[in-house]
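First the structure, in the form of structure tokens, and then the observations on it.
The values are calculated or read from the model by the stated rules, or taken from the named source; none is laboratory data. Quantities reported herein were computed from a predicted structural model and do not represent experimental measurements. Note: ideal-geometry Cβ built from the backbone for every residue, glycine included; neighbour counts use all protein chains shown. SASA here: full protein model, heavy atoms, side chains in, ligands and nucleic acids out. Shrake-Rupley method; radii C 1.70, N 1.55, O 1.52, S 1.80 Å.
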Amino acid sequence: MKYFLFAAMAISIGAIPAGGAPPPEDEPPRLIVLDSLAHFYEPVRFDHQLHIDYADCAECHHHTTASPATDPRCTICHTTATAGASVACRNCHGTKRPSGEDAAKPRPSHRYHIDIVSLAGAYHINCLDCHQAVDAGPIECIDCHAFTEEGKKFFHLTDSLLGSPKNQGADQ
Amino acid sequence: MKRISRRSFFKAGTTAALAGILGFKSAPAQARAFSGYAHSKAVLVDLTRCIGCRSCEAACNKEQGLPAPATPFTDQSVFADTGHLGHRRPDDKAYTVVDRTDSPLADHPLFRKIQCNHCLEPSCLTACFVNAYTKTAQGAVIYDPSVCVGCRTCMVACPFSIPAFRYDSALHPRIMKCQFCYETRLQYDRPPACVEACPRDALTFGERESLLRIARHRIRTRPDEYVNHIYGEHEAGGTSWLYLSPVPFAEAGFDTTVPTEPIINYVKDFLAIVPMVLTIWPALFAGFHLLARRNRVHPDSADTEISDE
Ligand code: SF4
Ligand code: SF4
């Protein structure tokens, strides 16, 4: 059971490029299926290419893609940008929730980085706040998330409510 | 969980009464400077992150086996249909609710998760004369229905009006309130169910001291996004649930008239008498009664002089 869980996690964690042949090593993926947190919701298909067209890499990838950080809070220290070993969100934002214990760690980098959000937090804070700021892109939960059976049970969703016009986006 | 039987309650009451007679201060009066157990756990709620998705409510409902809600937890109309109170509050069917406030100071609605704040010096606990409440070393204020007599003093005592009463049985009175998931999670140092369900990390679990550090860090690094105040750091003598807000707390629906002194400091003198009334008075009056009878039976005996002293 334990082994199975571990295997399932290893497979599902993070981004799996999908949609046709994978682009060459140094090309960013066009479509990313986000399913590391799928349990109550079906995996989310994230159109990476669309976001590349609209936003600077550093908007989301901070300083790991070798483009300089844009947030003035980051640029205090991160004056130069070297490409990180990995640009995947999950490398810094774990599936584990942040906790007060992060603030107690003695590592020098934790002097400032005492408050790193989880993977779910990173997605929902980054995505939603930006969508709101630029007034484009999905905002409502169901615009991205179709419920699994488990999810429907969790939220006490009845089929009648899911069928209402407002919620149909959930099944697309 | 520490269970307190009715017998041990009376034992505790008698001890308190004896201490009272001998001139010791009783337990509530000693609590003045208590600033929480070392390493006790807490939760930081960040209003700038909460979007009112109600995942935390759904998680609480499942974890605590509470009754099914009237409408699904995805229903956003609950924020508008708040009835005569004008805002949502926890009740006997929901230990936690998210309430919406529309402040002119914010360009979007503000959402605030409400539940028991697990005070460092809980007035519910102090007010309860059968000791149904316990503040655990991990920080939870838990309630034991097996000793509760249903007097509802705790409901009146709580500065945040949290304890709710379940009316379905007169014989088995039961207060319903957030238990910090103590039985299933907190006692094993695991975060409560609501925290794990929050998609925006609006809820952060950890030691209270660390969370205060994180809260100050957020205020310091984003001074334009937060007011410079941590609600619960001092309110009601300090609470285990702490809040950050982008607008002054009164604007976000918080009661800012809650005193920073623990509530018990105002009522401790009265509360210290309660166990005494219950335990000494019967004995005292029985004694008076016996002495009076003795005097009547033996009006000329030496005992009369003793009773006059
Ligand atoms: S918020 Fe109310 S019920 Fe909760 S610990 Fe404080 S006094 Fe008790
Ligand atoms: S789960 Fe988090 S974001 Fe959603 S309502 Fe609760 S506290 Fe707010």
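Counting only protein heavy atoms and a 1.4 Å probe, tell me what percentage of the stretch A:27-167's accessible area is made up of carbon and sulfur. Write down the numbers at each step before the final one.
Working: 5080 of 8610 Å².
The nonpolar share, carbon plus sulfur, comes to 59 percent.
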Q: For the stretch B:213-239, list whatever residues lose no less than 30 Å² of accessible surface once every protein chain is in place, relative to that chain by itself, with the probe at 1.4 Å.
A: B:Arg213, B:Ile214, B:His217, B:Thr221, B:Arg222
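What size of dipole, in debye to the nearest 20, comes out for the stretch A:27-167 about its Cα centre when the only charges are +1 on Lys and Arg C-beta atoms and -1 on Asp and Glu C-beta atoms?
Numbers: 12 positive and 18 negative charges, 117 e Å.
Charge dipole, the stretch A:27-167, about its Cα centre: 560 debye, nearest 20.
When N is the residue count of the stretch A:25-78, what does its C-alpha Rg come to as a fraction of 2.2 N^0.38 Å?
Working: Rg = 14.0 Å, N = 54, 2.2 N^0.38 = 10.0 Å.
For the stretch A:25-78, the normalised Cα radius of gyration is 1.39.
Just checking the output field for B:88-99: average partner chain Cβ neighbours within 10 Å of each residue's Cβ?
Details: counts 0, 0, 0, 0, 0, 0, 0, 0, 0, 0, 0, 0.
Partner-chain Cβ atoms within 10 Å, mean over residues of B:88-99: 0.
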Q: Would you tell me the accessible area of B:Val97, worked out with a 1.4 angstrom probe on the heavy atoms of the protein chains, in Å² to the nearest 10?
A: 10 Å²
(Q) With every protein chain left in place and a probe of 1.4 Å, what is the accessible surface of B:Lys41, to the nearest 10 Å²? (A) 20 Å²
Q) Given a cut-off of under 8 Å on Cα pairs at least six residues apart, what relative contact order in percent is computed for the stretch A:27-167? A) 22 percent
Q. Straight-line reach from B:Lys135: which aspartates and glutamates have Cα under 14 Å away, leaving out those fewer than 8 places along the same chain?
A. B:Glu121, B:Asp144, B:Glu183
Q | Part-to-part distance (alpha-carbon centres) for the stretch B:181-225 and the stretch A:84-98, which is given in Å | A | 19 Å
Q | Accessible surface buried upon B-A contact (total; probe 1.4 Å; Å², nearest 100) | A | 2600 Å²
Q: Would you mind getting the Kirkwood hydrodynamic radius of the stretch A:27-167 from its Cα pairs, rounded to one decimal in Å?
A: 17.3 Å
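Ignoring ligands, DNA and RNA, what percent of the 1.4 Å accessible area of the stretch B:70-158 is carbon and sulfur? If you can, show how the numbers build up before the last one.
Numbers: 1980 of 3520 Å².
With neighbouring chains kept in place, the figure for the stretch B:70-158 is 56 percent.
How much FRET efficiency would the formula 1/(1 + (r/R0)^6) give for B:Cys151 and A:Glu150, where r is the Cβ-Cβ distance and R0 is 51 Å, rounded to 0.05? Mind showing how you got there, number by number?
On the way: r = 42 Å, r/R0 = 0.82.
Once rounded, the FRET efficiency stands at 0.75.
Shielding of B:128-137 by partners, i.e. mean partner chain Cβ atoms within 10 Å per residue? Could you put the intermediate results ahead of the total?
Working: counts 0, 0, 0, 0, 0, 0, 0, 0, 0, 0.
Taking the mean over all residues of the peptide, I get 0.
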Q: Extending each Cα 7 Å along its Cβ direction at B:Leu66 and B:Glu233, get the distance between those two points in nm, one decimal.
A: 3.0 nm
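How would A:Asp47, B:Asp99 line up by accessible area, probe 1.4 Å, largest first? Don't jump to the answer; show the numbers that get you there.
Details: A:Asp47 70, B:Asp99 5 Å².
The ranking, largest first, comes out as A:Asp47, B:Asp99.
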(Q) Past 22 Å, Cα to Cα: identify those pairs from A:Lys153/B:Lys41; A:Lys96/B:Lys93; A:Lys153/B:Lys93; B:Lys41/B:Lys177; A:Lys152/B:Lys62, in the order given. (A) A:Lys153/B:Lys41; A:Lys96/B:Lys93
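Just to verify a number: FRET efficiency for B:Phe165 and A:His39, C-beta to C-beta distance, R0 = 41 Å, to 0.05?
Numbers: r = 35 Å, r/R0 = 0.86.
The computed FRET efficiency comes out at 0.70.
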Q: Take the Cα coordinates of the stretch B:192-264, assign each an equal point scatterer, and use the Debye formula without solvent to give log10 I(q)/I(0) at q = 0.16 Å⁻¹.
A: -0.63
